[in-house]
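Accompanying notes for the structure given below.
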Amino acid sequence: MDALEQAVQVTFRFPVYFTTGVFTSANPVLHTLIAGASERLPSDTIAVVDDGVVRAHADVVAAFEGYCRDHSTAIRLAGPVLVLPGGEQVKNGLRYVDEVHRAIHDAALCRQSYVIAVGGGALLDAAGYAAATAHRGVRMIRIPTTVLAQDDSAVGVKNGVNAFGTKNYFGTFAPPFAVINDFSFLPTLADRDWRSGVSEAIKAALIKDAGFFADLEAWAPTIVARDARVMEQVVRRSAALHLAHIARGGDPFELGSSRPLDFGHWAAHKLELLTDHRLRHGETVGIGLALDCTYSWLSGWLPEADWRRILDLIQGIGLSVYAPELGEHLDQPDHPRSVLHGLEEFREHLGGRLTLLMLRSIGRPFEVHEVDRKVMIRSIDVLRRLEEARSVGSTAGLIHGLPRPQS
Ligand SMILES: NC(=O)c1ccc[n+]([C@@H]2O[C@H](COP(=O)([O-])OP(=O)(O)OC[C@H]3O[C@@H](n4cnc5c(N)ncnc54)[C@H](O)[C@@H]3O)[C@@H](O)[C@H]2O)c1
Ligand SMILES: [Zn+2]
């Protein structure tokens, strides 16, 4: 065979800053970042802001515009600030991606210009997809404003929007130019958004760091009481674990079929769709983790004491471990509304053979390539009973009525 072999290596570096008051004039992070990285100054910039952030921080757009004026040697605002809906609606289809493309075009941004996106994980995903596909990639600075976006999604290398009834069907691997985690956005989050991002920290702890898991157990009451200092620790530690995995896990662009950071996510992604996004991503991740940990326990891999600690922590953060949609069409695994169908959809999205993580203990995951559907259905039943027990205020004695592990 006549063939030329080639290997292409590209190194990506991006900083993740932790700060407060990113748009106060005295805050150096944004303008020094841009001034230090641009061939032409001032650099053209547009901003895309989540309308939920605008509602909760009424001065955010004016503050950003004032910041650009105060640092006009570095930053030139090249178009009006674009305020888009926050939440999953912004990434359902291409409508808002089109708006960002249009704004990039109208502002005549070049590949060394900046799109600054301020918002939750959904808005960052949609704006990121637009920035990555205009001119094959305009620089993207992410300013995440939810716990989930700060401790997980914004520090990663992916973007995406939903299409054809599938989560993140369109999307690219595109490392950001920089990430700025500004803790002063978090206090205005609704309780559910404050808590739901903690599920991604629990996930990272379960697969990477048993010590962090123990800290989360100790912190759970203060997290629920909305202690900002403790949440900063959660965000920092979780973001660091995610970043370390991307940098050193050996497969940053997920070319293989294994995706450890998606522990618990096969059911989570399916549940987001089955509930028509009534549940947030982080809320479905809490359920997905509970499910795969229960499956690990019922399969005889995970000791009961570890399983109890995990379920206690998820419930202790105030997250559910069950949703009614989990129990639908379980006798028809190929039914599009059966959560079990999510296994095949997950396999298709990753490519190759089905690869899921399960747990041997907290901090010690391993891969499986097959799922025993009967055990999965029993796991779902265990979660239903646990959720019911919590809703009547007690789990005492429940364990005696639960099915026992197989081996
Ligand atoms: N790209 C990735 O690697 C990756 C990883 C994990 C999750 N995600 C995606 O992230 C999305 C979930 O993100 P999320 O949990 O941040 O939720 P979200 O983006 O849906 O935001 C939730 C709500 O919070 C509002 N909001 C945002 N910041 C606020 C603030 N500071 N104060 C008050 N309200 C605020 C938003 O307007 C929205 O109504 C999902 O679409 C998920 O698929 C992507
Ligand atoms: Zn996730």
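The test for being under 30 Å from Gly165 (Cβ atoms), away from ligand 2 (no atom under 16 Å from the Cβ) and either of a type outside the set (A, V, I, L, M) or surrounded by fewer than 20 Cβ atoms within 10 Å (Cβ to Cβ) (or both) holds for Gly52. When region 161-179 is limited to residues that are away from ligand 1 (no atom under 11 Å from the Cβ) and surrounded by 22 or more Cβ atoms within 10 Å (Cβ to Cβ), the one that is farthest from Glu39 (Cα to Cα) turns out to be Val179. Residues in region 251-268 that are modelled with pLDDT under 95 and more than 16 Å from Glu367 (Cα to Cα): 3 in all. Scanning for something over 24 Å from Ile180 (Cβ atoms), touching a residue at least 40 places away in the same chain (Cβ under 8 Å) and among the basic types (Lys, Arg), does region 236-250 turn up at least one residue? Checking region 236-250: not a single residue is over 24 Å from Ile180 (Cβ atoms), touching a residue at least 40 places away in the same chain (Cβ under 8 Å) and among the basic types (Lys, Arg).
Every condition in (1) assigned to a helix (DSSP H, G or I); (2) hydrophobic (A, V, I, L, M, F, W, C); (3) surrounded by fewer than 22 Cβ atoms within 10 Å (Cβ to Cβ) is met by Ile104 except one, and the failing one is (3). Taken together, Lys203, Lys158 contain a single residue that is under 30 Å from Leu302 (Cα atoms), of a type in the set (D, E, K, R) and surrounded by 14 or more Cβ atoms within 10 Å (Cβ to Cβ), which is Lys203. Considering (1) within 13 Å of ligand 1 (Cβ to nearest atom); (2) free of Cβ contacts under 8 Å to residues at least 24 places away in the same chain; (3) in a helix (DSSP H, G or I), the lone condition that Trp307 does not fulfil carries the number (1).
Ala127: under 22 Å from Gly282 (Cβ atoms), in contact (Cβ under 8 Å) with a residue 12 or more places away in the chain, near ligand 1 (Cβ under 9 Å from one of its atoms) and in contact with a strand residue (DSSP E or B) (Cβ under 9 Å, 6 or more places away or on another chain), yes or no? It is false that Ala127 is under 22 Å from Gly282 (Cβ atoms), in contact (Cβ under 8 Å) with a residue 12 or more places away in the chain, near ligand 1 (Cβ under 9 Å from one of its atoms) and in contact with a strand residue (DSSP E or B) (Cβ under 9 Å, 6 or more places away or on another chain). Filtering Asp292, Asp331 for residues that are over 24 Å from Phe173 (Cα atoms), without any contact (Cβ under 8 Å) to a residue 24 or more places away in the chain and of a type outside the set (A, V, I, L, M, F, W, C) leaves a single hit, Asp331.
Applying the criterion of being more than 8 Å from ligand 1 (Cβ to nearest atom) and among the hydroxyl-bearing types (Ser, Thr, Tyr) to the residues of region 180-201, the residue that is nearest to Asp152 (Cα to Cα) is Ser199.
Scan region 333-365 for residues that are closer than 30 Å to Ala305 by Cβ, small (Gly, Ala, Ser) and buried (at least 19 other Cβ atoms within 10 Å of the Cβ) and the total you get is 1.
Return yes when Gly86 is part of a loop (DSSP other than H, G, I, E, B), under 18 Å from the mean Cα position of the chain (by Cα), crowded, with 20+ Cβ neighbours inside 10 Å and at negative phi and no when it is not. Against the criterion (part of a loop (DSSP other than H, G, I, E, B), under 18 Å from the mean Cα position of the chain (by Cα), crowded, with 20+ Cβ neighbours inside 10 Å and at negative phi), Gly86 qualifies. Against the numbered list (1) away from ligand 2 (no atom under 15 Å from the Cβ); (2) farther than 24 Å from Ile380 by Cβ; (3) buried (at least 16 other Cβ atoms within 10 Å of the Cβ), Thr275 comes up short only at (2).
The values are calculated or read from the model by the stated rules, or taken from the named source; none is laboratory data. What you see is a predicted model, and the numbers here were worked out from it, not measured in a lab. Virtual Cβ from ideal backbone geometry, glycine too; neighbours counted across all protein chains shown.
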